[in-house]
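Reading through the C-alpha cells given below for one structure.
The values are calculated or read from the model by the stated rules, or taken from the named source; none is laboratory data. In this text the structure is predicted, and so the values were computed from the model without any measurement. Glycine also receives a Cβ, built like all others from the backbone with ideal geometry; neighbour counts cover every protein chain displayed.
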Amino acid sequence: MKAVQLTEIGSPLADREVPIPTPSSNEVLVKVRAAGICRSDLHYRNGASPVGTLPLTLGHEVAGEVVDGVVAANDSKEMLGPGTRVCLHYLCTCGACAYCRSGREQFCRRAQMIGKHRDGGYAEFIAIPSRSAVPIPDPISFEHAAVMMCSTSTAVHALRKARLTAGETVAVVGTGGLGMSAVQLALAMGAIAVYALDIDSGRLETAAGYGAVPVRVPKDASPSAAARLLREATGGDGVDVAVELVGLPRTICTAIGALRPCGRAAIAGIGDEPTSLHVYREIIGAEREVIGVSDHTLGDIEYILALADQGRLRFDEVVTGTVPLDAGRINARLDEMAQFAGGVRLVISP
Ligand SMILES: [Zn+2]
Ligand SMILES: [Zn+2]
C-alpha cells in the first residue's frame, strides 16, 4: 500500500510503498478515509518534538472504515464488523492497567500515539487496538470526525477537567483551532457566556460567529492588564472557568487572573518557558484552582461525537479542503503551516 512517511528528521516526508499492516488479535484493520494535517506533524518533521523509530507513517487525526476485525458499538450492545465507519483515538493503550480501567488512559505506561510512536494514518490502511476505534454516527463525515480527534477532543477534556457546569461563565484564552472548539463546546455544555481573548481581531471575529464575546488584548498588554480587560467585559469579578490554549507564561497568568474567587483555570497550552506567579495573590487568597490538561480520553471522544450528532458543533469553517495522499502535497501544506498561512485545516482523503 501507499504511505507517506518521515524517513529522516528535517527532511520532507516521502511517498513509500509498504506492506498492508497485519492486525493482531485485539486489533482492527481500518481503511483510512480521512486524515487531518496537524501542526504537530510539522514539529515531528522538523525535530521539535521527538518521535519513535524511523521510517514512520505520520497522521494522528484519522477516520475510516473497518475492513478486518470487530469494534464495540457505542451502546456496547453488539460488536460491529467490516464496513463500520470509525474514528480513532490517537492513543493506543493496553486497556488492562489501572489507568486504562479508570478512564485515564493517557497515563497508560504502554500508551503509544499513532503517527508519532507507531505508524499513523497517512496511508491507505492502519492497524489499531479495537478499543481505540469508535463508531461514527451517520450524520458526521469522515473529514469532520478526523479533525475532531485532536483539537476538539482536547478542548472538551479541558472543559471537563475544569468541571464546567451549566450557568457558569468561561474565558477561552487563545482562539486557534483548540479555542474555536472550546467556544462551541462551552456553549453546548451550558455556559451562560463565553469570552474569547486574543490579539488577532480576525480570529476574534470568527469566535464571535460561534457565539463568543470577543475581548481583544493589545499585543504588548501585561497579563494583569489583559485579565482586567476580561473582568471589565464580564462586568464583575471575572469568570468561573478559564481555558488556556496558548502555552506562554503571560497567557497562563492571564487565564488565572481572569478568574473570580473559587474559579478554575484549565491549562492545555504547551510551551517550554517557566511561568512565575505570586501564589498567595493569584491562587491561595482567592481559592482559585489551576488544573493541568493532557490529551483526552475515549470518554471525551464519545461525548463530542454525541454533541456533533445533535448538530451542536460546526466544522464547515474548520475543514477548508482536502488533498490526495501525496507526499508533495502534504509537505507543501506543512511548509504553509510553518509560515502560519493557508486555511484552518486540510484533510487527506486517500
Ligand atoms: Zn493534531
Ligand atoms: Zn493501560
Taking the options Pro50, Pro12, Pro21, name whichever one is over 22 Å from His144 (Cα atoms) and at pLDDT below 95.
-> Pro50
Taking the residues in region 58-71 that are away from ligand 1 (no atom under 15 Å from the Cβ) and in contact (Cβ under 8 Å) with a residue 40 or more places away in the chain as candidates, determine which candidate is surrounded by the most Cβ atoms within 10 Å (Cβ to Cβ).
-> Gly64
Considering each residue of region 65-103, count those that are under 24 Å from the mean Cα position of the chain (by Cα), at positive phi and away from ligand 2 (no atom under 16 Å from the Cβ), and give that number.
-> 0
Test: residue in region 41-49 that is loosely packed, with under 14 Cβ neighbours inside 10 Å, among the hydroxyl-bearing types (Ser, Thr, Tyr), touching a Lys or Arg at 6+ places or on another chain (Cβ under 9 Å) and closer than 20 Å to Leu88 by Cβ | yes
Do you know which of the residues in region 84-105 that are among the polar types (S, T, N, Q) and surrounded by 16 or more Cβ atoms within 10 Å (Cβ to Cβ) is nearest to ligand 1 (Cβ to nearest atom)?
-> Thr93
Of the listed residues (Gln112, Gln106), the one being in contact with a Lys or Arg (Cβ under 6 Å, 6 or more places away or on another chain), within 16 Å of ligand 2 (Cβ to nearest atom) and either of a type outside the set (Gly, Ala, Ser) or under 15 Å from Ile304 (Cα atoms) (or both) is Gln112
Given the structure, is Ala208 part of a helix (DSSP H, G or I), touching a helix residue (DSSP H, G or I) at 6+ places or on another chain (Cβ under 8 Å), hydrophobic (A, V, I, L, M, F, W, C) and closer than 29 Å to Ala306 by Cα?
-> no
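What residue, of Ala133, Ala182, Ala145, is assigned by TED's automatic domain parsing to the domain that holds Leu248 and away from ligand 2 (no atom under 16 Å from the Cβ)?
The unique qualifying residue is Ala182.
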So which residues in region 295-307 are of a type in the set (Gly, Ala, Ser) and either more than 15 Å from the chain's Cα centre (by Cα) or assigned by TED's automatic domain parsing to the domain that holds Tyr99 (or both)?
-> Ala306
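Taking Thr53 as the residue in question, decide whether it is surrounded by fewer than 19 Cβ atoms within 10 Å (Cβ to Cβ), within 17 Å of Ile114 (Cα to Cα) and either within 16 Å of ligand 2 (Cβ to nearest atom) or among the β-branched types (Val, Ile, Thr) (or both).
yes
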For region 71-86, enumerate the residues that are in contact with a Leu (Cβ under 6 Å, 6 or more places away or on another chain) and part of a loop (DSSP other than H, G, I, E, B).
-> Ala73
Going through region 106-128 in order, the residues found to be crowded, with 21+ Cβ neighbours inside 10 Å and either within 15 Å of ligand 1 (Cβ to nearest atom) or at pLDDT below 95 (or both) are Ile114, Gly115, Lys116, Gly120, Gly121, Tyr122
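Taking Ile330 as the residue in question, decide whether it is closer than 18 Å to Ser40 by Cα and touching a strand residue (DSSP E or B) at 6+ places or on another chain (Cβ under 6 Å).
yes
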Test result for Ala34, outside any loop (DSSP other than H, G, I, E, B), out of contact with any Pro (no Cβ under 8 Å at 6 or more places or on another chain) and small (Gly, Ala, Ser) = yes
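Residues of region 131-145 being polar (S, T, N, Q) and surrounded by fewer than 20 Cβ atoms within 10 Å (Cβ to Cβ), which ones?
If the condition is that a residue be polar (S, T, N, Q) and surrounded by fewer than 20 Cβ atoms within 10 Å (Cβ to Cβ), then Ser141 is the only one that fits.
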Identity of the residue in region 174-201, out of contact with any strand residue (DSSP E or B) (no Cβ under 8 Å at 6 or more places or on another chain) and within 23 Å of Pro223 (Cβ to Cβ), that ends up surrounded by the fewest Cβ atoms within 10 Å (Cβ to Cβ) = Asp200
For region 1-37, name all the residues that are aliphatic (A, V, I, L, M) and exposed (fewer than 14 other Cβ atoms within 10 Å of the Cβ).
-> Ile9
Among residues belonging to region 30-57 that are over 22 Å from Glu302 (Cβ atoms) and of a type in the set (A, V, I, L, M, F, W, C), point out the one that is farthest from ligand 1 (Cβ to nearest atom).
-> Leu54
